[in-house]
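**Q** Just dropping this structure here.
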Amino acid sequence: MTTSPSGAGTSGADTTLVRRWNRSTVLAALRTGPERTLTEMAQATGLSRQTLTAVFTELDARGLVQMHAPATGTSGRPARRYSFQSTAGYVLGLYFSPTQVLALVTDLDGTIIAREHVATPRDLPAPDRLRRAREISLRATAPAGDVWAVGVATTGVVDPKGTVRRASQIPGWTGLDLAGTVGSWFHSAAVAGNDGTLAALGEKWQGAARYANDVALILSGRPTGQGILLGGRAHHGRSGAAAELGRLLHDQTWNAAAVLEEAGRSAEEVFRAAAEGEQEASELADHLAHHTARGASVLVSVLDPELVVIAGEFTAGGQPFVDATRQHLSTMCINVPEVALSVLGDDVVPLGAARLALDHLEEREYVLDA
């Protein structure tokens with residue numbers, strides 16, 4: 001896209017829109033390619049050298065473009081080269097579960113810079129939970145530079161403005177402006193969402209769902225959650241309650257975590273004992289697969305996704321658990337998708353929260369209001 005000619009009839013809004021498109025085009029080219037000269041950027045973007053120079057000046061003011069010395073040993077006048085500067089800013093991904101808070105910091109390309117976590121009692125009051133989260137967030141971001149945006153994940157329902165509308169598992173959480181509260185710690189932009197939804201986003205970004213567009217994710221164990229990707233994008237729903245199966249899962253015939261509670265065993269212990277041939281553990285493992293399939297079957301029947309990803313505690317079951325879950329799904333659904341385990345471990349939810357923050361930045365071409 002090239003800039004529109006200036007003159008009568010060109011409004012300020014038109015000029016701003018053109019600048020945004022130009023900025024977005026340049027950033028996309030910088031991020032998907034190696035170091036490039038101005039001539040190569042012009043060929044890749046279709047923008048004039050004059051326009052590119054203006055865009056580079058704007059991006060340089062934000063530290064988003066790195067200029068490299070001309071290559072030596074070539075014929076003719078060496079040209080300066082440009083690349084994306086991923087360390088211009090950083091994002092924080094924060095995850096509140098009933099029993100812990102996880103913090104993860106990445107640069108603008110998603111490289112993980114630091115991780116921190118802290119355990120939290122289930123009955124810990126909201127102010128104390130937030131205080132502990134702030135402490136680990138400051139520790140995690142200390143090695144990085146400026147925090148440009150924060151993404152926050154939590155159990156419960158989070159509306160589009162980042163306010164918790166319902167959170168039965170964390171005391172004092174309902175009604176909290178979670179995005180605003182956490183963003184104020186860094187005086188930065190902040191966004192928030194449900195843990196299952198953001199786990200799905202994390203898997204799409206760096207995990208098992210990288211090459212799938214329509215995905216259902218099951219966050220297994222405690223807490224239990226679900227997430228949806230449609231067309232490669234996280235689907236939060238009108239109110240943030242998309243994929244919330246909480247009331248269904250209160251039924252013992254759906255709740256896989258209740259199976260473990262009744263047995264008094266952890267998922268890791270059950271799967272290990274099942275692999276060693278213990279009959280009771282093998283039966284429990286199959287129950288877990290059955291209940292996981294019941295929860296997934298609702299999303300599969302409605303969405304007909306390409307892939308179901310299982311994240312959380314039950315990934316300890318490995319391929320036998322995947323096979324058993326898919327077998328149970330085949331008795332519940334017409335078209336059974338592939339089933340895969342998350343490969344991101346404990347990072348899956350905070351990484352998805354960091355991706356949500358990066359999406360927020362990229363929608364604004366990293367140029368934030370002062």
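**Q** Would you mind checking region 88-117 for residues with the amide N under 18 Å from a putative spin-label position 7 Å along Cα→C-beta of residue 131?
**A** 100-101, by backbone N distance to the label point.
**Q** If ligands, DNA and RNA are left out, what is the accessible area of residue 280 with a 1.4 Å probe, given in Å² to the nearest 10?
**A** Residue 280 exposes around 110 Å² with every protein chain in place.
**Q** Considering the chain as a Gaussian network with a 10 Å cut-off on Cα pairs, which listed residue, 205, 21, 148, attains the greatest mean-square fluctuation?
**A** Largest GNM mean-square fluctuation: 21.
**Q** If amide hydrogens are placed 1.01 Å from N in the peptide plane, which non-local residues have theirs closer than 5 Å to the one on residue 338?
**A** The answer is 308.
**Q** Still on this model: How big is the dipole moment of region 262-366 about its Cα centre under a simple scheme where the beta carbon of each Lys and Arg is +1, that of each Asp and Glu is -1, and everything else is neutral? Debye, nearest 20, please.
**A** It works out to roughly 200 debye.
**Q** Sticking with this one: Using a/c under 1.5 as the rounded threshold, could you call region 109-223 rounded, prolate or oblate? The axes a ≥ b ≥ c are square roots of the C-alpha gyration tensor eigenvalues, and prolate needs a/b larger than b/c, oblate otherwise.
**A** Because a/c hits 1.5 or more and a/b fails to exceed b/c, region 109-223 counts as oblate.
**Q** Let me ask something additional. With Kirkwood radius over Cα pairs in Å defined as stated, name the option among (i) 22.4; (ii) 28.0; (iii) 21.2 computed from the structure displayed.
**A** The calculated read-out lines up with (i).
**Q** Here is a further query. Residue 335: net charge of surrounding residues, Cβ under 14 Å, Lys/Arg +1, Asp/Glu -1, itself excluded?
**A** With Lys, Arg at +1 and Asp, Glu at -1, the neighbours total -3.
**Q** Determine the calculated [θ] at 222 nm for the chain from helices alone, applying -39500 (n - 2.57) to every DSSP H run no shorter than 4 residues and normalising by the residue count; nearest 500 deg cm²/dmol.
**A** Calculated from helices alone, the mean residue ellipticity at 222 nm is -13000 deg cm²/dmol.
**Q** Related question: Starting at the first residue of region 200-210, write each ³J(HN,Hα) from the Karplus equation 6.51 cos²θ - 1.76 cosθ + 1.60 with θ = phi - 60°, in whole Hz, x for Gly and Pro.
**A** The phi angles translate into 4, 5, x, 5, 5, 6, 9, x, 5, 9, 4 Hz.
**Q** Determine the relative contact order of the chain: mean sequence separation of Cα pairs under 8 Å and six or more apart, normalised by residue count, in whole percent.
**A** It comes to 15 percent, rounded to a whole number.
**Q** What residues have an amide H closer than 5 Å to that of residue 149, excluding those fewer than 5 places away on the same chain, when H is modeled at 1.01 Å from N in the peptide plane?
**A** Residues meeting the amide H criterion: 90, 92.
**Q** Could I ask something else about it? Once neighbouring chains are kept in place and the probe is 1.4 Å, which whole percent of the accessible area of region 129-243 is contributed by carbon and sulfur?
**A** 47
**Q** Report the residue, chosen from 20, 238, 122, that carries the largest GNM mean-square fluctuation when the chain is represented by alpha-carbon nodes joined by springs under 10 Å.
**A** 238
The values are calculated or read from the model by the stated rules, or taken from the named source; none is laboratory data. Because the structure is a prediction, the values reported are computed rather than measured. Cβ coordinates were reconstructed from backbone atoms using ideal geometry, including for glycine residues, and neighbour counts include every protein chain displayed. These area figures cover heavy atoms from the full protein model, side chains too; ligands, DNA and RNA do not enter into them. Shrake-Rupley method; radii C 1.70, N 1.55, O 1.52, S 1.80 Å.
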